[in-house]
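Taking it in order: structure first as C-alpha cells, then the write-up.
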Amino acid sequence: MNLITAPTFEKARNLIKSAKSPIIFTSNDDELNRKILEKEEISILLLNLSRRKDKMNKIRGKKAAIELSMTTIVVVVLSLTLLIMGFILVRSIMCTAIGLTGDVGDKAKKQINDFFDTSSNDVYCIGQGDAVKVSPGINNVYCGFNSKTGGTYQVTIKEIKPLSSTLSKTTDYMKWISVKKESVTVSPEQRETQKIVTLEIPEDAQEGTIRLTLEVKKEGATSVSTIPVDWEISRRGTIRAVMC
C-alpha cells in the first residue's frame, strides 16, 4: 500500500504512475483531489477532516455574523420608529393649546358654548374672567356671539394695557395689533365664534399679564358691552421652542 501526497497535479501523476496498487492519495487542496479522482486510478482518497472542520466553522461564523447584522438592523429600525412615534406624541402634548393661534380649536368652541349654556349674555370672549397663557408670536382673540334675534355687532378695541409690574407702561401695545375685525353678523338663534383681533407679540416681550379692553355694540341697541380680555405672556422653554 502506497501513500502519496504532492503539491501539484503533475507531480502527483508521476508518483501514481510509478507506484504499485493499492494507492492512497491525500492532499489539502480540494481542486487537486478532484482532478486526481477524475484522471488517475487510485484506491483510496484520504481527506483531512480537521481542515474541513475549520473551514466549516469559518462559514458558520460568517453566517452567524450576517444573522447578527440583520438582527442589529431590525433592532435599530424598530428603535428609530419608536423614537419618532414618541417624539410626535410629546410634540402633540407640548404644542397643543386652546386654539389662540391658527383656527379655532374644539376646546375654544366648547368653552364658549359652555358659557352660553349658563349665561344670558350674548357676547363672550376667551380670556374674559380667567387669563389665557400666550407666548411671543402670533396670537388671536376669539369671541362668541349668541343672539336670539340675530344682528350685526360692532367691535372696537379701546386699549391694551399692562397689568403686571414686569411690563413696561410706556410701550404702545396697540402696535402689536396686526389684524382686527370690526363687525360680526349673526343669524337668529345661532351661535357664532369669530377671530376678532390678531396680536403679534414680540419675541423680546417681557413676561406678565396684559388686558385688552373690547367694546361691543349691537346695531340698533343703545347699550355698549365692555369686555376685558386678559393674556398672560409666558416664554416657551428651550425644548418647547424647538419642538413647537
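Each value in this text was obtained by applying a stated rule to the coordinates, not by laboratory testing. Keep in mind that what you see is a predicted model, and the values were worked out from it rather than measured. Neighbour counts run over all protein chains shown; Cβ positions are idealised from the backbone, glycine included.
Data table
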quantity	calculated
Sites ASN121 and GLU159 - FRET efficiency at Förster radius 25 Å, r taken between beta-carbons, to 0.05	0.70
For a label point 7 Å along the Cα-to-beta-carbon line of SER225, residues of the stretch 168-211 with backbone N under 19 Å	181-198
Net charge dipole size for the stretch 2-47 [Lys, Arg +1 and Asp, Glu -1 on Cβ; Debye, nearest 20]	200 debye
Spin-label model distance (nm) - THR149 vs THR8, 7 Å beyond Cα toward Cβ	11.9 nm
Relative contact order [Cα under 8 Å, 6+ residues apart], the stretch 106-237, whole percent	34 percent
Packing rank of 198-205, 28-35, 143-150, where each peptide gets the mean count of other beta carbons within 10 Å, highest leading	143-150, 198-205, 28-35
Rough spin-label spacing in nm, given labels placed 7 Å along Cα→Cβ, for GLU207 and GLU192	3.9 nm
Efficiency of FRET from Cβ geometry, ARG235 and LYS169, R₀ 25 Å, rounded to 0.05	0.75
Stretch gain in nm, segment LEU15-GLU215, where the contour uses 0.36 nm per residue and the Cα spacing is subtracted	60.3 nm
Long pairs among LYS133/LYS169; LYS148/LYS175; LYS148/LYS195; LYS107/LYS217, criterion Cα-Cα beyond 29 Å	LYS148/LYS175
Relative packing of peptides 208-216, 156-164, 170-178 - highest average C-beta neighbours within 10 Å first	208-216, 156-164, 170-178
